[in-house]
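Presented below is the structure to which this report refers.
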Amino acid sequence: MSPLESARAVQAAMPAGGLFHEKEWRIAPAPFELPGGLARELEKLGYRLMLFLRACDQLYRQSVKGRQPAWVADLLDAGKPPELVAFQRECGLAGDIPRVIRPDLVLTEDGFTIAEIDSVPGGIGLTAWLNKTYAGLGFEVLGGAHGMVCGFSEILPGGDIVVSEEAATYRPEMEWLAGELNQGAPLWRVVDGSARDDWAPRIYRFFELFDLSNVPASSGIMDGVRARALQVTPPFKPALEEKLWFALFWIKPLEDFWHRELGERAFLALQKVIPYTWLIDPTPLPRHAVLPRLEAHSWDEVARFSQKRRNFVLKVSGFSSQAWGSRGVVVASDLPQSEWRSTLDSALKGFPSQPHILQVFHAGRLFEANYWLPENEDLKRMRGRVRLCPYFFVGEKATRLGGALATICPDDKKLLHGMRDAILAPVI
């Protein structure tokens, strides 16, 4: 089959209801080919990130109990409703982490860096469909034709996928996924966030915790978890969904904790791929101290950095409508001096209830990729940077890679995310 024929076949296989509501992307005639050795590294990454999230949960709980610094839990609880904070501290949730882990990786010249970890990820159904479709064309995709579907069914063998109104864009892909899961027997259903009395015993939560007031079902689900009648993933743990964990990973006083909980091999491996991250904390430093690696005594000095010195991204940490997708993310070097100062000042003022982080920016490696132009039945070549999203399914005995989604963005884009002019493809 020629590349043009492959692209047509992918388009023809598109589900009647689509996969994203009112969203489009560019179709590739072939999967994205990973640089040599990267597939093997991805297999190891899933286990390491599972260890990392377990350690995060452990650090939070030890902080609550006074076995680690109290400021850790205070920081992670900032701006959260008291009832949600109390719920995540309940003993029954100890050790519970998301069963689907999706890191956002930026492919670089020497491998990859982890921009963040998404605990409520979109793209599960889309990646499953892409893997099945391209495998049907003869490509040996990472995870196999059914790796995503099998991975999802192994961690939750039947139940309800609850999609909120805010996440409605992704409902079509989850309905397609449920259709695949139900081919043997109707064990899964996709439902909205309305309150109901007929919950399945297992629930996949496809809504953000900051949006609970708009999800009438949330209180009933939480009651079911307390009564041990329901199992929910991702768990109702807003602390685990903060981006500031990367800052905590690099804080020197916590180094022994991470080294002990992760083990030396995983600790050193994650140091290579987690970008150095600072918590934007307005607390004044002692006269002799500086912000590590910034070599600045205060954030006021950082605000005066030239554009050349501002190789950073500034992000909202979590529990906000601005904390997902590319929202709430600013590339510091793109801003004029006055705007950079204003943005940093705003982050500092928001610290008590809405922490922000500053993260080293890693430019993505450039790749060449083809995509289909249906309007003139032709293929066009694009130069772009790649965000790679592998999906890891955390089982009782193993963490498995189900597949990966490559988002190839035009080379003039610094923030890599799903957009109309991006190519979305599985990987080989």
Item to check | Value at 222 nm in deg cm²/dmol, rounded to 500, when DSSP H runs of n ≥ 4 in the chain each add -39,500 (n - 2.57) | outcome: -9500 deg cm²/dmol
Checklist outcome for this item: Net charge near LEU212 (other residues with Cβ under 14 Å of its Cβ; Lys, Arg +1; Asp, Glu -1) is -4
Checklist outcome for this item: In nanometres, the difference between 0.36 nm per residue of separation and the alpha-carbon distance of LEU366 and HIS21 is 121.2 nm
Item to check | Proximal aspartates and glutamates relative to LYS132, as straight alpha-carbon distance under 18 Å, when same-chain residues fewer than 8 apart are discounted | outcome: GLU5, GLU33, GLU140, GLU154, GLU173, GLU175, GLU180
Checklist entry - Straight-line reach from LYS237: which aspartates and glutamates have a Cα under 18 Å away, not including same-chain ones fewer than 8 places off? => result ASP57, ASP74, ASP77, GLU83, GLU90, ASP96, GLU116, ASP118, GLU208, ASP211, ASP223
Item to check | Sequence-separation-based contact order of the chain, relative, with Cα cut under 8 Å and 6+ spacing, percent | outcome: 25
Item to check | Mean-position separation - Cα centroids, the stretch 1-50 and the stretch 152-213, in angstrom | outcome: 23
Item to check | Counted charge near THR343, where neighbours are those whose Cβ lies closer than 12 Å (Asp, Glu -1; Lys, Arg +1) | outcome: +1
Checklist entry - To the nearest 0.05, what FRET efficiency results for LEU291 and GLU90 with a Förster distance of 30 Å applied to their C-beta separation? => result 0.25
Item to check | Of LYS272/LYS380; LYS65/LYS252; LYS23/LYS315, those spanning more than 29 Å from alpha-carbon to alpha-carbon | outcome: LYS272/LYS380
Checklist entry - Over what distance in Å are the Cα centres of the stretch 373-409 and the stretch 273-295 separated? => result 35
Item to check | Mean Cβ neighbour count within 10 Å, used as a protection proxy, ranking 120-128, 279-287, 351-359, 263-271 highest first | outcome: 120-128, 351-359, 263-271, 279-287
Checklist entry - In whole percent, what relative contact order does the stretch 276-360 give with Cα contacts below 8 Å and a gap of six or more residues? => result 42
Checklist outcome for this item: Rounded to the nearest 0.05, FRET efficiency between GLU5 and GLU264 (Cβ-Cβ, R0 41 Å) equals 0.20
Checklist entry - Taking the DSSP beta bridges in the chain as the whole, what percent of them are antiparallel, to the nearest 5? => result 75
Checklist entry - Once the mean 1/r over all distinct Cα pairs of the chain is inverted, what Kirkwood radius in angstroms do you read off? => result 22.6
Checklist outcome for this item: Sorted on mean Cβ neighbours within 10 Å (highest first), peptides 420-428, 307-315 come out as 420-428, 307-315
Checklist entry - To the nearest 0.05, what FRET efficiency results for ASP345 and ARG226 with a Förster distance of 30 Å applied to their C-beta separation? => result 0.10
Checklist entry - Which order, highest average first, do 90-97, 392-399, 165-172 follow once you tally other Cβ atoms within 10 Å for each residue and take the mean per peptide? => result 165-172, 392-399, 90-97
Checklist outcome for this item: Net charge (Lys, Arg +1; Asp, Glu -1) of residues whose beta-carbon lies under 10 Å from that of GLY125, GLY125 excluded, is -2
Checklist outcome for this item: Simple spin-label estimate for GLU109/LYS65, 7 Å along Cα→Cβ, in nm, reads 4.7
Checklist outcome for this item: Fewest to most Cβ atoms within 10 Å: MET222, MET148, MET14 sort as MET14, MET222, MET148
Checklist entry - Is the stretch 276-360 best put as rounded, prolate or oblate by its Cα gyration tensor, with a ≥ b ≥ c the root eigenvalues, rounded for a/c under 1.5, and otherwise prolate when a/b is larger than b/c, oblate when not? => result oblate
Next on the checklist: Out of the GluC sites (Glu not before Pro) in the stretch 1-86, which ones are loop residues according to DSSP with at most 15 other C-beta atoms within 10 Å?
Outcome noted: GLU22, GLU24, GLU33
Checklist outcome for this item: At q = 0.15, 0.18 1/Å the base-10 log of I(q)/I(0) from the Debye formula over the alpha-carbon atoms of the stretch 6-111 is -0.89, -0.99
Next on the checklist: If I model a spin label as a point 7 Å beyond the Cα along the Cα-Cβ vector, how far apart are those points for LEU187 and LYS252 in nm?
Outcome noted: 5.2
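Rule-based calculations on the coordinates, nothing more; no lab input. Owing to the predicted nature of the structure, the values given are computational and were not obtained by experimental measurement. Quick reminder, even Gly has a Cβ in these numbers, built from the backbone with ideal geometry, and neighbours come from all protein chains shown.
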